[in-house]
1. Please compute the Kirkwood hydrodynamic radius of the stretch 323-469 from all pairs of different C-alpha atoms, in Å with one decimal.
2. Just flag the chymotrypsin sites (Phe, Trp or Tyr not before Pro) in the stretch 91-171 sitting in loop per DSSP whose Cβ has no more than 16 other Cβ atoms within 10 Å.
3. When the Debye formula is applied to the Cα atoms of the chain, each taken as the same point scatterer, what base-10 log of I(q)/I(0) results at q = 0.07, 0.11 Å⁻¹?
4. Run the numbers for LEU446 and HIS289: contour at 0.36 nm per residue of separation, minus the present Cα-Cα distance, in nm.
5. In whole angstrom, how far apart do the alpha carbon centroids of the stretch 54-119 and the stretch 179-230 sit?
6. Considering the Cα positions of the stretch 114-154, please state its Rg to one decimal place and its Dmax as a whole number of Å.
7. Roughly what would the spin-label model give for ARG270 and ARG154, points 7 Å off Cα along C-beta, in nm?
8. Got a sec to turn the phi values of the stretch 152-165 into Karplus ³J(HN,Hα) couplings, 6.51 cos²θ - 1.76 cosθ + 1.60 with θ = phi - 60°, whole Hz, x for Gly and Pro?
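Just so it is clear, none of the values below were taken in a lab; they were calculated from the coordinates. All of these numbers come straight from a predicted model, not from anything done at the bench. Cβ coordinates were reconstructed from backbone atoms using ideal geometry, including for glycine residues, and neighbour counts include every protein chain displayed.
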Amino acid sequence: MPHRPITLVGAGLVGALLATLLARRGFDVTVFERRPDPRRAGFVGGRSINLALAERGWHGLRVAGLEARMAPIAVMMRGRMVHDLEGRTNLQRYGRDDSEVIWSVSRASLNAMMLDAAEEAGATIHFDRPLEGVDWSTSTLHLGAADGVRREHRVDVIIGADGAGSALRAALATQAPLGERFEPLGHAYKELEIPPLAQLPESILDDTLRTARERGERFAMEPHALHIWPRGGYMCIALPNAEGSFTVTLFLPNEGDPGFDTVRDAAGARALFARDFPDLLRLVPDLGHDFESNPTGMLGTLYLDRWHLDGRAVLLGDAAHAIVPFHGQGMNAGFEDAVELAELLGGSSGDTAAVFAEFQRRRKPNADAIARMALENYIEMRDRVDDADYLLMRELDRELAARHPTRWMPRYAMVTFTRLPYATALQRGEQQAALLREAVAGHASLATVDREVLDTRIAATVTELELPA
Ligand code: FAD
Ligand code: E1W
């Protein structure tokens, strides 16, 4: 039996990957995307926004045959470079060696490459076509357009990859209760830019930067790291872009001091940076302009009890489970969704109600797990990085991973460097954390911790890791 035609809403990262995977499996795929074609309208000259790509994300690209296209433009990040108030830095490696790293990729390049791939695979993408509503009685999509003319499109199966503000989700909610809950974080973000070293104004260069520039270096800071300026209730991070710039993200509470309600304009932003991020102030020459012209992004976690309407429609990616960005896993998780859904659809005889139910059954526990770990990582990064017990636990965590490589893996590594289900990473991580807490309790250093007792406990209670091939 030929596959049923599939309509996708949203040609973002997840929608474009799913379109590629389904078209390659022989589905007739049509995609409607609200925005203009970014390959034509051009992000050139616009802001460069980047993302951390980890193993789960690479796997999605690999399945779609896109790994080799992306690899040359991805920048390796070996660890987090922590910047203290005095401007001192400390590189904390993410993994054991350069096989355990993450990668900074440009959202625009990734999106453009995936749109090319989807079209090459045979998918048809219509840009400037926002979904405005669905007439479920006739299975008709109502689409807007830049020319103001509304269009209708008859559908069979419809898939929503239209992001956190999903219009398809709103349309589903008119037919069945989805159990939708959005939990705002109470913090928001603003993106800023550190230009390539060659473009920094002469006046801000110190001796180190001037020498680096004379040597022809492209980056104003170490390129192979994710930079973090943790400051308690708020922080900045920066990820490198291949052309030599960094995209900085300031995370602040919505309200408070500092908060987006008190830091409101260029002067406020400069005062905040002069006090709390003085080394960054120098490197962001357009701070005032960036702060005032870039939008403030909201953060929170979206939970749904139900991702699908029988066999007619299903949601994936941020449309089904938007999370806070502090583990750098939103896109990675969405790519896992796309791979899973494409496999289920490709292997089915057309009973989409069964496929969608199975998709939700497999993915929802994992989406819930990464949502929780992303929130926990925020608290950990803000509050715990300089806590003595925490540092002892981290040290012992690494030691145990080295001594028991088949049983013990730090949670960050399970999430970032493997494709173990997120729910498994959460559950094993909790078990490990309990053992660590118990082991370091009352100890000022690891020297006094009884390794023999600990090793016996681990052998008796922690099962062997079963890593996906
Ligand atoms: P989106 O990327 O939002 O794409 C949705 C698409 O649907 C868009 O193209 C949009 O135009 C289109 N659309 C919307 N409405 C309609 C409509 N009505 N009709 C038609 N089309 C529509 N993830 C990581 O893995 N690593 C990171 O380092 C990382 N960093 C992040 C940093 C920040 C500050 C934030 C906010 C998020 C970060 N994420 C990261 C998460 C990541 O951005 C998302 O998880 C990912 O973009 C989700 O992809 P998506 O395709 O589901 O949704
Ligand atoms: C990663 C936006 C973003 C993306 C990320 C990460 C963080 C903090 C943020 C988590 C992390 C890669 N992280 N934790 N410690 N260092 N990095 O690993 O993607 Cl805010």
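1. Value: 17.0 Å, from the Cα pair sum.
2. Those that pass, being in a loop and sparsely packed, are TRP136.
3. Result of the Debye calculation: -0.40, -0.97.
4. Length gained, LEU446 through HIS289: 51.7 nm.
5. So the two Cα centres are separated by 16 Å.
6. 12.4, 34
7. Distance between label points: 6.2 nm.
8. Per residue, the Karplus-derived 3J(HN,Hα) values read 10, 9, 6, 10, 9, 9, 10, 10, x, 10, 9, x, 4, x Hz.
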